[in-house]
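The values are calculated or read from the model by the stated rules, or taken from the named source; none is laboratory data. It should be emphasised that the depicted structure is a prediction, and the values quoted were computed from it without experimental measurement. No Cβ is skipped: glycine too gets one built from the backbone with ideal geometry, and neighbour counts run over all protein chains shown. To get the accessible areas, we keep the full protein, side chains included, count just its heavy atoms, and leave off ligands, DNA and RNA. Shrake-Rupley method; radii C 1.70, N 1.55, O 1.52, S 1.80 Å.
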Amino acid sequence: HPRVRRQRQMCIRDSNNKIKELNSLYHIAANRSGISDGEIGIWSVLLRPKEEYSQQDLSELLSLPKQTVNSIISGLTKKGFVYLKHVSGTRNRKVICLTEEGLKYGTNHVKWIFDAEESVLEQTDFK
């Protein structure tokens, strides 16, 4: 049915526009926080620790290329915000851990992005 098809196309277009708008807002927030766009996802995981994540885990969870995750983690390591901890009982698995300085930086400069996100989501149907 042409009418249903048009409605679907409009819905997809509207959804894509909302995603672009959201990505633009994340870009602005990242700039204000002094981090790169790619770091936002990494920080979102590290600041809400529910379990430990390796670079491979982050790559899969955030749908980012492994090299991108590696570059971001290397940068955060050089800044003293994270370190890699070997997982005992494994050959070479390492998890990413926030340093005290990283937790302080993330809390003071980045966490506001996720707090704002949660506040907006609480006001919508996406609970």
Using the alpha-carbon atoms, what tilt in degrees (0 to 90, nearest 10) does helix 111-122 show relative to the longest principal axis of the chain? 30 degrees
Sequence-distant or interchain residues sharing an amide H contact under 5 Å with Tyr53, placed H: which? Ile96
Portion, in percent, of the accessible area of the chain that falls on carbon or sulfur, probe 1.4 Å: 53 percent
Relative packing of peptides 85-96, 108-119 - highest average C-beta neighbours within 10 Å first: 108-119, 85-96
Rank Lys104, Lys79, Lys50 by mean-square fluctuation in a GNM of the chain with C-alpha springs under 10 angstrom and give only the top-ranked residue. Lys50
Other-chain or far-sequence residues with amide H under 5 Å of Val82's (modelled H): Thr77, Thr99
Quick one: helix 2-33 against the long Cα principal axis of the chain, what's the angle to the nearest 10°, folded into 0 to 90? 30 degrees
Rounded accessible area per residue of the chain, 1.4 Å, Å²: 73 Å²
With angles folded into 0 to 90 degrees, how steeply does helix 37-46 sit against the dominant principal axis of the chain? Use alpha carbons for both and round to 10. 70 degrees
Within the stretch 31-68, the residues whose backbone N lies under 12 Å from a label point placed 7 Å from the Cα of Phe114 along the Cα-to-Cβ direction are 40-51
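Evaluate the relative contact order of the chain (contact order divided by residue number), counting alpha-carbon pairs under 8 angstrom at least 6 apart; express in whole percent.
Rounded, it is 21 percent for the chain.
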